[in-house]
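Here's the structure, in structure tokens; my notes come after.
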Amino acid sequence: MRPRLYLDEDVAVELARMLRALGHDAVSAHELDPIRLEDEEHLARAASQGRAILTYNYRHFLRIGTEWFQAGHSHAGIVISYRQYSRDELGVLRQVVVSMMEALSAEALEDTIATLDQFRSGET
């Protein structure tokens, strides 16, 4: 099964729309609730929906992922991009995310922390 994605508040909402247009299951935090949530709340929301979270906030999510693991909590995956993509780079970001979603199954992402950057193909 392909991963289902939850994009946190730092990732442009347009990416979720682009992914859905390509047949992928993706939703943005911006589409669900206008209230700003803490990172732990985003992960909890994504986990409750069976979605891997995509974030640029690597420092917090590395810590949160470790804390969840130590506490025995399960999640559908944490996907971290060390590079923040601007709105002008949405096409590049879309390609990288699609590559990741086609390479990894939902089961492979479960309870792991993956880096999106490994799916980039030489663009700058």
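Values in this text are rule-based calculations from the coordinates and carry no lab data. Here the structure is a predicted model, which is why all the values come from computation and not from measurement. Neighbour counts are summed over all protein chains in view; Cβ atoms, including those assigned to glycine, are modelled from backbone coordinates with ideal geometry.
Residues of region 89-124 with backbone nitrogen within less than 20 Å of a virtual label 7 Å along the Cα-to-Cβ line of residue 40, please, listed as ranges. Correct set: 111-113. Against the chain, whose longest principal axis comes from its Cα atoms, helix 58-71 is set at around 40 degrees.
Starting from the exponent 0.38 and prefactor 2.2 Å, build the expected Rg for region 48-90 from its residue count and divide its actual Cα Rg by it.
With N residues counted in region 48-90, Rg over 2.2 N^0.38 Å equals 1.32.
Estimated from helical segments only, the mean residue ellipticity of the chain at 222 nm is -12500 deg cm²/dmol, where each DSSP H run of four or more residues counts as -39500 (n - 2.57). For the chain, the longest principal axis of the alpha carbon atoms and the long axis of helix 39-48 meet at an angle near 90°. Taking amide H positions as modeled 1.01 Å from N, with prolines and chain starts lacking one, the residues under 5 Å from residue 28 and 5 or more places away or on another chain are 7. Note on the chain: Rg/Rh from C-alpha atoms, Kirkwood Rh, equals 0.93. The GluC sites (Glu not before Pro) of region 35-124 that meet both conditions, a loop assignment by DSSP and at most 16 other Cβ atoms within 10 Å of the site Cβ, are 38, 110, 123. Between residue 32 and residue 110, the simple spin-label model (points 7 angstrom out along Cα→Cβ) gives 1.9 nm.
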